[in-house]
1. If the Cβ limit is 7 Å and pairs must be 6+ apart or interchain, which residue in segment 162-191 that is closer than 16 Å to Asp142 by Cα pairs with which residue that is crowded, with 19+ Cβ neighbours inside 10 Å and among the β-branched types (Val, Ile, Thr)?
2. Taking the condition of being in contact (Cβ under 8 Å) with a residue 40 or more places away in the chain and either farther than 19 Å from Arg126 by Cβ or in contact with a Phe, Trp or Tyr (Cβ under 8 Å, 6 or more places away or on another chain) (or both), how many residues in segment 71-90 meet it?
3. Can we say Ala219 is loosely packed, with under 14 Cβ neighbours inside 10 Å and either part of a strand (DSSP E or B) or of a type in the set (Gly, Ala, Ser) (or both)?
4. When you scan segment 114-143, how many residues do you find that are closer than 25 Å to Ser171 by Cβ and touching a Lys or Arg at 6+ places or on another chain (Cβ under 6 Å)?
5. Does segment 193-216 hold any residues that are more than 11 Å from the chain's Cα centre (by Cα), surrounded by fewer than 17 Cβ atoms within 10 Å (Cβ to Cβ) and farther than 18 Å from Asp181 by Cα, and which are they?
6. Cβ contacts < 7 Å: first residue more than 18 Å from Phe229 (Cβ to Cβ), restricted to segment 16-39; second residue of a type in the set (A, V, I, L, M), any location; separation 6+ or different chain. Result?
7. Looking at (1) surrounded by fewer than 20 Cβ atoms within 10 Å (Cβ to Cβ); (2) in contact (Cβ under 8 Å) with a residue 60 or more places away in the chain; (3) not charged (D, E, K, R), which is the one condition that is false for Thr119?
Amino acid sequence: MNQTTNNSQNELLSEAETNIPKDLPELERYLQNYSHDDQAIKTIQQFSKNLKKTEARQDVFNQALIREPIYYQDVVKKGLADPEKDSFTLLQGDIVSTNAAYFLGDRLENTKFAIATSTCDLVKNRRQYAALLRVQSISSKDPKAKEVLSQLLQFKSTQRMYLPPFADDSSDIVGNALLFDGIVQIKLDDLLLAQRHASLSLVGWRIFGSMVRSILVRAGEDEVKMRSFI
């Protein structure tokens, strides 16, 4: 963990210790900025919008969202991880392939996935199961490919997130869509044996986290009213 991350966590801890809500209504008002706030996703959308054209957006995000897999031995060697703490085999957001994952009871084959489970829960013996999200490739042979890319690169979809082509994708693949519609299950022991294709970069991980949070817990105005008065 680097110094910037440590400083950020210390600032949040200090705020939590000093701004303690006095009652439940105040606790609710405090939590709304963290549990259901949509500012992060709006910021991502505005950033993308300012890039104007689909080609420009794709150029920027292709360079920014993913990187080669991050390996434990490498980060320890660079002093970025404490060798005294639990080692990791996989990270949240890693793009992997495995034939041991199941969706609605059916085993999925020849499919790539993004790991949805938090990194700290991917340590052996910490959990029995993990959650994955399916990745769907976008081929230039698809007549709707340009339309799909245009939509994904606006980051307004609640069903999909744009990911660049992976290093081992075929030459006709112009991008990938991370599907939020449906959670895939896998035994953690099986996941730890999966083939890794890429890790998310820091900004890619931030966007992934913002979108997952927004999609899973986004709040409608009517829902706030209903929960307040019924």
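Coordinate-derived values only; no laboratory data. Since this is a predicted model, take the numbers as computed values, not measurements. Heads up, the Cβs are rebuilt from the backbone with ideal geometry, glycines too, and the neighbour counts pull from every protein chain shown.
1. Pro165/Val174; Ile173/Ile138; Val174/Ile138; Gly175/Ile138; Asn176/Val135; Asn176/Ile138; Ala177/Ile138
2. Residues in segment 71-90 being in contact (Cβ under 8 Å) with a residue 40 or more places away in the chain and either farther than 19 Å from Arg126 by Cβ or in contact with a Phe, Trp or Tyr (Cβ under 8 Å, 6 or more places away or on another chain) (or both): 3 in total.
3. On the way: loosely packed, with under 14 Cβ neighbours inside 10 Å: no; either part of a strand (DSSP E or B) or of a type in the set (Gly, Ala, Ser) (or both): yes.
No: the conditions fail for Ala219.
4. 1
5. The answer is Leu193, Gln195.
6. From segment 16-39, the pairs are Pro21/Leu27; Ser35/Val217.
7. All conditions are met except number (2).
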